[in-house]
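J.: Below: one structure in structure tokens.
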Number of protein chains: 2
Amino acid sequence: LLSACSSSEATVSMSLSIEDAMNIRKKSNELPLLEKSINTMEAEVNALMAQEIDVPVPRDAGGGYTHERHKKNGAAIYQAATLYQVTGDEKYADFATDLLLKYAQLYPQLGPHPQHKHQAAGKLFWQILNDAVWLVYVIQGYDQLQAVLTEDQKSIIETNLLHPYVKYLSVDSSETFNKVHNHGTWAAAAVGMTGLVLGNQDYVDIALKGSDKSGNSGFLKQIDSLFSPDGYYTEGPYYQRYALMPFVVFARALDRVQPQWEIFKYRDGVLLKAIYACINLSYNNRFFPLNDAIKDKGLDTIELVHGVDIAYALTKDPGLLAIAENQNQVIVNGDGLLVAQGIAAKQKKDFIFKSILYRDGAAGDEGGVAVLRSNNAESALVVKAAGQGMGHGHFDRLGFLYYDHGTEVISDYGAARYLNVVTKRGGIYLPENKTWAKQSIAHNTLVVDERSHFNGKLAKASETSGQVTFFSGKLNALTASEKNAYPGVTFERTMGLIHTTLLDSPLLIDIMKINSSEKHQYDLPFYYNGQLTFISGKPEIAMNRMETLGEDNGYQHLWNKGQLSVDNSTTQLTWLNGNRFYSLNTLLPSDGEVIFAELGANDPEFNLRRENALVLRQADRSDAYFVSVIESHGEYNGVKEYTLQPTSNVASLSHQMEQDASLLFVNLVGGGRIVIAKADEVDASLQHTLSVSGKTYEWQGHLAVFEEATNESE
Amino acid sequence: LLSACSSSEATVSMSLSIEDAMNIRKKSNELPLLEKSINTMEAEVNALMAQEIDVPVPRDAGGGYTHERHKKNGAAIYQAATLYQVTGDEKYADFATDLLLKYAQLYPQLGPHPQHKHQAAGKLFWQILNDAVWLVYVIQGYDQLQAVLTEDQKSIIETNLLHPYVKYLSVDSSETFNKVHNHGTWAAAAVGMTGLVLGNQDYVDIALKGSDKSGNSGFLKQIDSLFSPDGYYTEGPYYQRYALMPFVVFARALDRVQPQWEIFKYRDGVLLKAIYACINLSYNNRFFPLNDAIKDKGLDTIELVHGVDIAYALTKDPGLLAIAENQNQVIVNGDGLLVAQGIAAKQKKDFIFKSILYRDGAAGDEGGVAVLRSNNAESALVVKAAGQGMGHGHFDRLGFLYYDHGTEVISDYGAARYLNVVTKRGGIYLPENKTWAKQSIAHNTLVVDERSHFNGKLAKASETSGQVTFFSGKLNALTASEKNAYPGVTFERTMGLIHTTLLDSPLLIDIMKINSSEKHQYDLPFYYNGQLTFISGKPEIAMNRMETLGEDNGYQHLWNKGQLSVDNSTTQLTWLNGNRFYSLNTLLPSDGEVIFAELGANDPEFNLRRENALVLRQADRSDAYFVSVIESHGEYNGVKEYTLQPTSNVASLSHQMEQDASLLFVNLVGGGRIVIAKADEVDASLQHTLSVSGKTYEWQGHLAVFEEATNESE
Ligand SMILES: [Zn+2]
Ligand SMILES: [Zn+2]
């Protein structure tokens, strides 16, 4: 009974205070989001309680029965304990206690898991990572059961389960424990949170500062190293979400029990920045699928539910309530209560997605990921000029993604993997993840001589990063450069999502400048989504026989559907994506071509999705430019039977290159033009002047945009 | 001013009574759906009023400026007049009057449209069909303006516009007017409605009974001929929606002014049946895309808004309110008022989608379209064994569609056309509509010797229809047969969506029986949506070079991605579609194969979508069977990272054929089996007995399903 536990007896709870539990119990029926979250939890626990308790001897690898069962049991200990606190129903306390005692019986008999392979072995699970995650849940459950457990029970659970478990994680597996790596963070969180509950300061200290308490490893060191000063996690948003969980859950527990660490102020508040970064690295609720990423994942994942609830509790930022409302779930604790109350009190405001540059690297000097949004956040342009992102990184320097009208327009493949689908090689990364998804040609970026950046070598790629040399939220543009991906070739890309008064929608600008003293073949793919509706010129199409575009480095997976030869004028390609038209307007030299490529060759297991690319190609070139703009226009309405503006407002492009600067003219159909003036120098203080056909353009700094209502020089 | 028009002066209004107008004016602010519909109308009319009035001399073909402008003006006359009635704002009456007078000025000067081609010429538009549609709108507007127009104005409009317009439609273009065809229906509606408003009984009579008033043509004859007794329109749901509009709008007008015709009771109430048929021939708000069909179209099209509002006014069926609520729009008249009131009063009930057979042909003896739904309407199976459906018909005898979990699982291509997209050949049907979309291989049905049914000849196909020899809503199954598509070959297909206690989801059963005295190649494609996740056996895949599956009849558009040779055991193919898995289990003889085909060859303009088929093939066979079941199972959840049941519950199939009957055994993974017993005879009174491995099956009638909890005979 909850009443058996007077608040004076209770130590400060790490995860759910008596007071919060009482408030949740009293108020949840007026707080729909909280009530729904409790109901979901109850349904899950009741389903498990309806079965016989099973704490099996560990046997199976990931996905197998004992693996899944231990995961479920661990979660259930936390959930049932929480439900006991917020409902007062003793059956939940009894169930959680039973499970804990069964684990206390089992654990002392266990050695390393029989299925362990390359990763360090756990005891309950094949990988020690899973063991650490398990304890993070279970210790929160134990925390909430303290008032109902007898001294005997406590003694059994602590002696036979918790202490040996901590020893296995921190001493026997000290290599993982002291790693400055996400696996180390989970171990630190498990051990540290156990220390907070058991009042064992030693556990807390080694969790924070490593086994030797030197601070060279442990949680604080991980905070120092694994995030950039802007809160960006180098593996990219998909893994950032995953990495975030132990950071914020342990930090929040620490903040409650030992607030003197001021952990959320640590390193200029980087943990909060990391939560915000996760939110900002998304479009329409889905994370930008940079590096190995499953595209389903987004802001509604459980990790972000934790992150958003914690961030709201700390900041009361009403924009977070909009995210929480979309998550349609809160954590059943004091933080979740606050969120549910905020939403019920209609304090929600729109979360403002802004243009922002996330620097990469612990010191913030390893390039970054730039996110440009249109004024109303309807469109987003993402450019990656960051570090490699470790083993899950893709060879995608200066690659970009483009979103508009709620959907992917120019996309990244993400990972070649069917998460947890056992018939797809057990759900692990597929061979095509390496042969296709990581390769440069799978990305919207430059590929030289049909080889991937750094020849596809991780070690080499990890030595350097892309660089963002210019970023302006005001102009909504950036310039990034890459000097190391190909020996002897440097490339620089200026991109923007430019608002003008001449067009209704922002115009995507893409100027790729390549320097090399030797001749190469340059390919620049655009993975577009939708159906081509217009091609300027007549392509030569593979009619009844198709071959691959190349032999290796991802090219072997692309069918060559045909190509369009280009005669030095503006090439225009329009496609329909949902109800919206998109036009790629591009300038290619007279020996250039547009290749129509389709993914799916050399795919004996049907592992690859069908995706389509327009590959811009220039062969046998040293210095070169790819100059393109993408316009979003018009509307297709099949229900009401009308179509607006199915053709681009862009009539042609021209590009004027001078010694230290260049001008891109975007000539519009109705007359008028947009001029993008770009200096080679990025210095913001320098003045530049360029005259073309009698008209003089003057600007300060790297980049400027001019609008001319009528095409004055023509 | 509305008050200038006392109700005693007014004749009965055809479209909107004074009383309804006053009620709408008083109540619309409490009726959100009605208010929204009025606001939409106002926004459209105000946008047009903000421009200068333009009634241009007709010049352009469909899609061009004058075409679109006349369409807009016609709709605006109706909308502005309606807005005047329901808001009392005189500016709307003035605007509609101005437009009418301008048309009265223009019309006498016009000859046949300069752009007219194969179709009969209109005057305002290139096709007379468009002229008829225009008048249907405009006469409703004129009807509502009568009280404000001066006698002079009326005289000008009637003398210079309405009477000559009717003469052009009914006398000068009498061939179209007297056609028993959709174009004739629009003409009849235009002329008849004009007669109702002008009090010209001659116009009403020729509209109802043809120019000679014999009844051999005209509206009544069209009702007799164009619908089956069940309300099915032979061109299929997409065109049924389109055809419906003049029928129901004219009928409703007639019903108001001359109720003595009892038009909605005519022919056993077939017009109401036709509205219900339209609704029933849909899944998740979209029409079944049989024949030439744009897949965007569904229950929210304006034609169905008219249909549903009228049907509700006549029947008060609360299920229709659910459809109306999804439409999110009502017609601004008395019927729409009733619908909006019903919804506001929360009288809505779920619309119950049931298993139903729609017979085709005026006499109901030309086969039909069978729709089978699962108990909760979550799945639907559609089998077409109907007439050819005229020029828009596809060569798809005994083809099927399968929907589940809200989406297409086994689909029909629909039409090869980008409606109104001018860069796709002006938005008309593309060449691939004939070379691909109509061909038999584009459908989930039998193709013999790589030729389409009836060799793709419309005239031949129109002589006969498929036949539905058995239909049971209780068993949720049917048998259909086709004897004419291929000389010397008959085929019969038994399909069902079978509920059992052994599986959570209904099982799709497909038994195709082919009889021929000569040897042929038989292909049976399944156009599946999604990503293959399991193939029993090892297919031979086209790795770096791909060729077409054939030369002609649609085969030239399919890439041959590879094939799986079959060894007389059950072949299993599983794919993931959204969050759900689907398994095709099929029995093929030892020389059979499964071909993996992908659409897109010989497509120089990128007109075709990428679609994938599993083509079951048996070569060099005379009599043959294709026996398959499709199971819907499991769940993929990428957000929460779990996957349930990604493999089929079906372990194997076996098929026992005897003299007059056959047994299909569906053996389940957990033991247990489902047995489908099928007699060759369809007679419901006949008793059948079959013994297999010591077990005896007895049943009455054509088809029976047995469940065996454990696989007793093994
Ligand atoms: Zn990638
Ligand atoms: Zn079709």
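The numbers here are math on the coordinates, done by the rules we state, and not lab data. Small disclaimer: the values here were computed from a predicted structure and weren't measured. Ideal geometry is used to build each Cβ from the backbone, glycine not excepted, and the neighbour counts take in all protein chains shown.
J.: Kirkwood Rh over Cα pairs of segment A:649-714 into Stokes-Einstein at 37 °C, 0.692 mPa s: D in µm²/s?
T.: Stokes-Einstein gives a translational diffusion coefficient of 272 µm²/s.
J.: While we're here: For A:297-309, what's the mean count of beta carbons from other chains sitting within 10 Å of each residue's beta carbon?
T.: 1
J.: As an exercise, use a Förster radius of 35 Å and the Cβ-Cβ distance of A:Gln659 and A:Glu707 to find the FRET efficiency, rounded to the nearest 0.05.
T.: Efficiency at R0 = 35 Å is approximately 0.90.
J.: If you restrict to DSSP beta bridges whose two residues both lie in chain B, what percentage is antiparallel, to the nearest 5?
T.: 100
J.: Mind giving me the FRET efficiency for A:Glu19 and B:Lys213? R0 is 60 Å, r the Cβ-Cβ distance, nearest 0.05 is fine.
T.: E(calc), rounded to 0.05, equals 0.10.
J.: At 20 °C and a viscosity of 1.002 mPa s, what translational diffusion coefficient does Stokes-Einstein give for chain A, taking Rh as the Kirkwood radius over Cα pairs? Give it in µm²/s as a whole number.
T.: My calculation gives 78 µm²/s for D.
J.: Continuing with the same structure: Peptides A:648-659, B:164-175: what's the order by average Cβ count within 10 Å, highest mean first?
T.: B:164-175, A:648-659
J.: Angle between the Cα long axis of helix A:237-257 and the longest principal axis of chain A, 0 to 90 degrees, nearest 10?
T.: Between helix and principal axis, roughly 40 degrees.
J.: Roughly how many debye, to the nearest 20, is the charge dipole of the protein assembly as shown about its Cα centre, given +1 on each Lys and Arg Cβ, -1 on each Asp and Glu Cβ, and no other charges?
T.: The calculated dipole for the protein assembly as shown is roughly 480 debye.
J.: Further question: Going 7 Å from the Cα of A:Asn284 toward and past its Cβ, which residues in segment A:575-602 have a backbone nitrogen under 13 Å from where you end up?
T.: A:577-581
J.: Something else about it: Within straight cross-link reach of B:Lys316, meaning Cα distance under 13 Å, which aspartates and glutamates are found once same-chain residues fewer than 8 apart are removed?
T.: B:Asp335
J.: How many nm is it between the label spots at B:Gln146 and A:Arg610, if each spot is 7 Å from the Cα in line with the beta carbon?
T.: In this crude label model, B:Gln146 to A:Arg610 measures out at 5.7 nm.
J.: In Å, the Kirkwood hydrodynamic radius of the protein assembly as shown over pairs of distinct alpha carbons?
T.: 35.7
J.: Defining a contact as two alpha carbons under 8 Å apart and six or more residues distant in sequence, what relative contact order in percent does segment B:162-305 show?
T.: Result for segment B:162-305 is 19 percent.
J.: Now for a different question. Based on the alpha carbon coordinates of segment A:451-519, what radius of gyration and maximum Cα-Cα distance (Dmax) apply, in Å?
T.: 15.2, 47
J.: A:Asp591 to A:Thr469: extension gain in nm, 0.36 nm per residue of separation minus the Cα-Cα distance?
T.: 40.8 nm
J.: A further question on this structure: Please compute P(r) over all alpha-carbon pairs of segment B:52-222, binned at 5 Å starting from zero, and give each bin as a whole-number percent.
T.: 2, 10, 18, 22, 20, 15, 10, 4, 1, 0
J.: Defining a contact as two alpha carbons under 8 Å apart and six or more residues distant in sequence, what relative contact order in percent does chain A show?
T.: For chain A, the relative contact order is 8 percent.
J.: Can I ask one more? Run through the other copies and list how far each one's label point is from that of B:Glu44, in nm with one decimal, shortest first; the point sits 7 Å from Cα along Cα-Cβ.
T.: B:Glu44 label point versus its equivalents elsewhere: 4.9 nm.
J.: Still on this structure, please answer the following. Kirkwood Rh and Cα-based Rg: tell me the resulting Rg over Rh for segment A:480-615, rounded to two decimals.
T.: A ratio of 0.98.
J.: What does the copy distance list look like for A:Thr407, label position 7 Å along Cα→Cβ, in nm and ordered from shortest?
T.: From this label point to the equivalent ones elsewhere in the assembly: 1.3 nm.
J.: Using 7 Å Cα-to-Cβ label points, what is the A:Gln521/B:Asn544 separation (nm, one decimal)?
T.: It is 1.3 nm.
J.: Rounded to the nearest 0.05, what FRET efficiency is calculated for B:Val12 and A:Asn375 with R0 set to 35 Å and r the Cβ-Cβ distance?
T.: According to the calculation, E is roughly 0.05.
J.: Here's a follow-up. Mind checking which lysines have their Cα closer than 26 Å to the Cα of B:Lys460? Skip sequence neighbours fewer than 8 apart in that chain.
T.: Excluding near neighbours in sequence, the set is B:Lys179, B:Lys221, B:Lys384, B:Lys434, B:Lys438, B:Lys483, B:Lys513, B:Lys519.
J.: Right, something else. Explain nothing, just the number: dipole magnitude of chain B about its Cα centre with +1 on each Lys and Arg Cβ and -1 on each Asp and Glu Cβ, in debye rounded to the nearest 20.
T.: Dipole magnitude for chain B comes out near 780 debye.
J.: Relative contact order for segment B:52-222 using alpha-carbon pairs under 8 Å, separation at least 6, rounded to a whole percent?
T.: 18
J.: Please state, rounded to one decimal and in Å, the Kirkwood hydrodynamic radius that segment A:415-568 gives when every pair of distinct Cα atoms enters the mean of 1/r.
T.: Hydrodynamic radius (Kirkwood, Cα pairs) of segment A:415-568 is 18.5 Å.
J.: Could you pull out which residues in segment A:663-685 have an amide N less than 17 Å from a spot 7 Å beyond the Cα of A:Asp567, following the Cα-Cβ vector?
T.: The answer is none.
J.: Shifting gears a bit: Among all the aspartates and glutamates, which ones have a C-alpha under 15 Å from A:Lys71's C-alpha, if same-chain residues fewer than 8 places away are not counted?
T.: Within the straight-line cut-off, A:Lys71 pairs with A:Glu44, A:Asp54, A:Asp60, A:Asp131, B:Glu641.
J.: For segment B:161-273, go through all pairs of different Cα atoms, get the mean of 1/r, take its inverse, and jot down that Kirkwood value in Å.
T.: 13.7
J.: If the label for B:Ala459 sits 7 angstrom from Cα along the Cα-to-Cβ line, what are its distances to the same label in every other copy, in nm to one decimal, shortest first?
T.: Nearest first, the other copies' label points are 7.7 nm away.
J.: Let me ask something else about it. Report Rg (one decimal) and Dmax (nearest whole number) for segment B:312-359, counting Cα atoms only, units Å.
T.: Here Rg and the maximum Cα pair distance are 11.7, 36 Å.
J.: If you bin every alpha carbon distance in segment A:585-714 into 5 Å steps from zero, what whole percent lands in each bin?
T.: P(r) for segment A:585-714, in whole percents per bin: 2, 8, 14, 14, 15, 14, 12, 8, 6, 4, 2, 1, 0.
J.: In addition: Over all residues in B:543-552, what is the mean tally of Cβ atoms on other chains that come within 10 Å of each residue's Cβ?
T.: 4
J.: Using only Cα atoms, what is the ratio of the radius of gyration of segment A:356-648 to 2.2 N^0.38 Å?
T.: My calculation over the Cα atoms of segment A:356-648 gives 0.98.
J.: At 7 Å along the Cα-to-beta-carbon direction for both A:Lys483 and A:Asp350, put a label point, then send me their distance in nm to one decimal.
T.: 4.2
J.: Also, I was wondering about something else. How big is segment A:119-158 by Rg and Dmax over its Cα atoms, in Å?
T.: Reported Rg and Dmax, both Å: 12.7, 38.
J.: What are the ³J(HN,Hα) values, in whole Hz, obtained from phi via the Karplus relation 6.51 cos²θ - 1.76 cosθ + 1.60 with θ = phi - 60°, for each residue of segment A:204-213 in sequence order, with x given for Gly and Pro?
T.: So the Karplus estimates, Gly and Pro as x, are 4, 5, 5, 4, 6, 10, x, 3, 8, 6 Hz.
J.: Cβ neighbours within 10 Å, averaged per peptide: list B:328-339, A:437-448, A:352-363 in order, most packed at the top.
T.: A:437-448, B:328-339, A:352-363
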